[in-house]
Structure formats: C-alpha cells, structure tokens
Amino acid sequence: MHMADLDGVTLHYRLDGPETGPVVVFCNSLGTDLRAFDGLLPHLPQGLRILRYDKRGHGLSSCPPGPYSMGTLVRDAERLLDHLGLKEVVFVGVSIGGMIGQGLAIKRLDLVRGLVMSNTAAKIGQPSMWEDRIAAVRAGGIEALADGTMERWFTSAFRDTPACLGWRHMLTRQPLEGYVGCMAAISGTDFYTPTSGLRLPALGIAGSEDGSTPPDLVRETTDLIPGAHFRLIRRAGHLPFVEQPAEYAATLAEFLSSIGHLPEN
C-alpha cells in the first residue's frame, strides 16, 4: 500500500510494471476506486508502468471536507505526478477522471503526452441535476442513487450477473462526503473552451449503452481536439473496460502504439 502526503490530502496509489516502462495513468469514475481497473490490467500490453490512484474522498485516500472544485482534483493529480517524478504520461480518465485529465493537460502539458477521454465530456449534465443528486444523497445516503447508477453504468445483461453486486457495493461504500464533494466538482465544470485549445494526441472512448455520458456527448468532446480519434465499444455502458476488457485494452494499445508509447521489444 502506497500513500502520498500532498499538502492537505493523502492519496492512495498503486504502481505496477517495470520502472523504465512508458507510464500510463488511470483515473477512475465517481463512486469507484483504483480497483475498478483490476480486470483490465491483464489485457494490457506487457512492460507498461501503470499508475492508479484513489481520488480525494474515495477508496483509501483521505476525505477532506467538501465541496471540491475541479481545480482541486486536477491539482491533486498534478502533485501526485510531481511527487512520483513522472512526466510524459498517457492519462486515461474515465468520467470525472476524464475531466481531471482534460484539466491536467490544459494546466500542465509537460506532464501529459497523450490523453484518453473515456466515457466523459467537457461538461456533464446541468448544475440543477447535480444539486438534486446531492440533495438525494444527503437525505438517503449513496444507497438512494445506487440502483439508478447501476442502470446508467451497465448493460441489462451485466446487471443480471453476480458481478454487478460488487460494483454496487463499491459505490455505496465510498465516503459520503467525498462522493458529494466530487459531484460538486463535476457540477461546476465546463471545459468546452479550454479543451478546444488542446493540441496533443487524444482518443475518446464511449460505450454504446452508456446512460451517464452517451456516445454523442463523448464524440462532441473528442471533436474539440484537432486530430483526436473516437472509438465506440458496443455492448458496454459507462465502464466499458468492465464489460469488454479485451476490446478496451486493444483500443488503448492501438492508441499507445500510434504515438510510440509502447515498450520497445
């Protein structure tokens, strides 16, 4: 277990792979922790240096009082990479993690060589929607949103499997203050203008049955960055690396290869 003390927050992180490998950072969605990518890692190319971490208020990271801003979450990612001495990374961000990735690339392009925006957007929902969800969680806990979240996250076929229950448990066991704090950060974020100014290799990934960030929304954000590519993964929802890990890994490997970010043979 590795913990980084970053001036006001302690982040739990994990590094896998050889120290000399090209670095890929995975930043997970709202209501999940770094274990979200456990099933994906075996499908990825060998030799990568993979960093995963729990956002503030999630997993084993500390949970400072909220609400949080997106700038604070971006600064956490920036400080973690600086703390570990990592640069020229490919940042794979899912949902809120994709917003963090956009913000990090906007602020510190020296840290980000390539950006993968998975099931995310420059702006997700309207503030009124997030205010309603925050009020529901304050009143009834994360449990109040759990069933609806599973419907948005996964296809009906996956929801009928025992594995879905584990994801529901992961969601409901996140710290309430951290969950609400990160919802506030999403509510206050509109990256349309700054993301349209990015000039770096980028890939957008969507799940065909994503109820949180539908494919058209992901494509719209991807199109903001000149030269960025878009990939649709069918028979998958908001977390396509869970339902279709082999295809998701192959999509990432193709992108990494195209920008020369795979280990040398």
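Highest GNM mean-square fluctuation among Ser128, Ser95, Ser212, for the chain modelled with Cα contacts below 10 Å: Ser128. When Lys107, Lys87 are arranged by Cβ crowding within 10 Å, least crowded first, meaning fewest neighbours, the order is Lys87, Lys107. Note that the range 121-192 shows a convex hull volume over its alpha carbon atoms of 88 Å³ per residue. For a paramagnetic label modelled at 7 Å from the Cα of Leu41 toward its Cβ, which residues of the range 59-97 fall within the zone defined by backbone nitrogen distances under 15 Å? Residues passing the 15 Å test: 60. Which whole-Hz ³J(HN,Hα) couplings does the range 35-49 yield from phi under the Karplus relation 6.51 cos²θ - 1.76 cosθ + 1.60, θ = phi - 60°, glycine and proline marked x? Taking θ as phi minus 60°, the curve returns 5, 4, 9, 4, x, 7, 3, x, 8, 7, x, 5, x, 7, 9 Hz for the range 35-49.
Per-residue packing, averaged as other Cβ atoms within 10 Å, sorts the ranges 99-105, 161-167, 227-233 into the order 99-105, 227-233, 161-167, beginning with the highest. Largest mean-square fluctuation among Ile96, Ile225, Ile205, in a Gaussian network model of the chain whose springs join Cα atoms under 10 Å apart, belongs to Ile225. Annotation for the range 89-147 versus the range 169-209: alpha-carbon center distance of 1 Å. Ranked by the mean number of other Cβ atoms within 10 Å of their residues, highest first, the peptides 186-192, 114-120, 57-63 come out as 114-120, 57-63, 186-192.
The percentage of C-alpha pairs in the range 133-265 whose separation is greater than 22 Å is 50%. The spread of Cα positions in the chain, taken along each principal axis and listed from longest to shortest, comes to 53, 42, 37 Å. With a cut-off of 8 Å between alpha carbons and a minimum separation of six or more residues, what is the relative contact order of the range 2-258 in percent? Normalised by residue count, the contact order of the range 2-258 is 21 percent. Listed peptides 142-151, 237-246 appear in the order 237-246, 142-151 once ranked by packing, highest mean of other Cβ atoms within 10 Å at the front. Antiparallel beta bridges, as assigned by DSSP with both residues in the range 2-258, represent about 25 percent of the total such bridges. Computed about its Cα centre, the charge dipole of the range 2-258 is approximately 200 debye, with only Lys, Arg, Asp and Glu carrying charge at their Cβ.
Here, each number is a calculation from the coordinates, and none is a lab measurement. For clarity, every value in this text was computed on a predicted model and none was experimentally measured. All Cβ positions, glycine included, derive from the backbone under ideal geometry; neighbour counts span all protein chains shown.
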